[in-house]
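Working notes, structure below.
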Amino acid sequence: PVPTALAQVDREKIYQWINELSSPETRENALLELSKKRESVPDLAPMLWHSFGTIAALLQEIVNIYPSINPPTLTAHQSNRVCNALALLQCVASHPETRSAFLAAHIPLFLYPFLHTVSKTRPFEYLRLTSLGVIGALVKTDEQEVINFLLTTEIIPLCLRIMESGSELSKTVATFILQKILLDDTGLAYICQTYERFSHVAMILGKMVLQLSKEPSARLLKHVVRCYLRLSDNPRAREALRQCLPDQLKDTTFAQVLKDDTTTKRWLAQLVKNLQEGQVTDPRGIPLPPQ
């Protein structure tokens, strides 16, 4: 009985902190305590979503720092505080009971101004990374409704910009989000629908390969290769990739980085194979069947 008594005290504490979110005086501490506990309380998301005024309080935390974005004056203290609020929203985003409502309320859009920022200071890096974490938690669920929602927003150009110039961690999460969008059939069709969309994605991935050949990161390379492999599933993208796939993915540039990563090596081999297939033509210009 002792653990349950303890759990009861703990739950009382959780209820108290959720109530304290509604009041500006007690909110900061409640944000900190709840964000620490979010892993250990499985039903925290529905409690946050259905309690009075809680989501409004979390959104108020987000909107309150918009003025510090431009001009970029965000302090470490402000950044930590809003990131605690974002951590609670991430919890709501990834819970099956609250995810649909979270999307229907268009809450991810409140984070896009943070993804637009370009300041390289630590408070901004942390803010972007935590915001990406919320979107990452959404796509991790592999739910069709998530991709459908994201495709109505500007998430792809935002991710591409971070993939080009963010910190290594931010790049990794942004590339993971793009990968998840591509792995969905609707997402792949969307990106390959126009040459502009495809070429923007291919250009950024190409820049990343070049960057990775100078500063290798196995984790980031894995996501980049998976994005390329998935693009090669689309016939038009496959044609284009035959022209624009970076040489570094065809030669031994990454042999050392990938020597222990069998999955990525397999993906890379499959990518090269996909691009070779159907390319062989005989003298009369009729494609020969793949050997």
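Just wondering, is there one or more residues in segment 165-174 that are without any contact (Cβ under 8 Å) to a residue 60 or more places away in the chain, within 18 Å of Val225 (Cα to Cα) and more than 12 Å from the chain's Cα centre (by Cα)?
yes
Counting only residues that are in contact with a Leu (Cβ under 9 Å, 6 or more places away or on another chain), assigned to a helix (DSSP H, G or I) and open to solvent by 20 Å² or more (accessible area, probe 1.4 Å), which one in segment 220-238 is nearest to Gln276 (Cα to Cα)?
Per the stated criteria, the residue is Arg238.
If you scan segment 18-49, which residues turn out to be out of contact with any Phe, Trp or Tyr (no Cβ under 9 Å at 6 or more places or on another chain) and either exposed (fewer than 13 other Cβ atoms within 10 Å of the Cβ) or not in a helix (DSSP H, G or I) (or both)?
Those that are out of contact with any Phe, Trp or Tyr (no Cβ under 9 Å at 6 or more places or on another chain) and either exposed (fewer than 13 other Cβ atoms within 10 Å of the Cβ) or not in a helix (DSSP H, G or I) (or both): Leu21, Ser23, Pro24, Glu25, Lys36, Arg38, Glu39, Ser40, Val41, Pro42, Asp43.
For segment 90-157, give me every one of the helices (runs of 4 or more DSSP H) that falls completely inside it and has 2 or more residues that are open to solvent by less than 30 Å² (accessible area, probe 1.4 Å) and of a type in the set (Val, Ile, Thr).
Fully inside segment 90-157 and qualifying: 122-140, 144-151.
Pick from Leu188, Leu151, Leu221: which is in contact with an Asp or Glu (Cβ under 8 Å, 6 or more places away or on another chain) and not assigned by the TED database to the domain that holds His116?
Leu188
Results for (1) of a type in the set (Ser, Thr, Tyr); (2) modelled with pLDDT under 95; (3) over 29 Å from Gln193 (Cβ atoms), shown as yes or no for each residue.
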position	(1), (2), (3)
Ala237	no, no, no
Asp247	no, no, no
Gln270	no, no, no
Lys273	no, no, no
Glu277	no, yes, no
Thr281	yes, yes, no
Arg284	no, yes, yes
Leu288	no, yes, yes
Gln291	no, yes, yes
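Would you confirm whether or not segment 56-77 contains a residue that is within 20 Å of Ile177 (Cβ to Cβ) and either of a type in the set (Phe, Trp, Tyr) or open to solvent by less than 30 Å² (accessible area, probe 1.4 Å) (or both)?
Yes, the conditions are met somewhere in segment 56-77.
The values are calculated or read from the model by the stated rules, or taken from the named source; none is laboratory data. Predicted, not measured: the structure shown is a model, and the values here were computed from it. We place every Cβ from the backbone using ideal geometry, glycine too, and count neighbours over all the protein chains shown. Quick note on the areas: whole protein, heavy atoms, side chains included, nothing else; ligands and nucleic acids left out. Shrake-Rupley method; radii C 1.70, N 1.55, O 1.52, S 1.80 Å.
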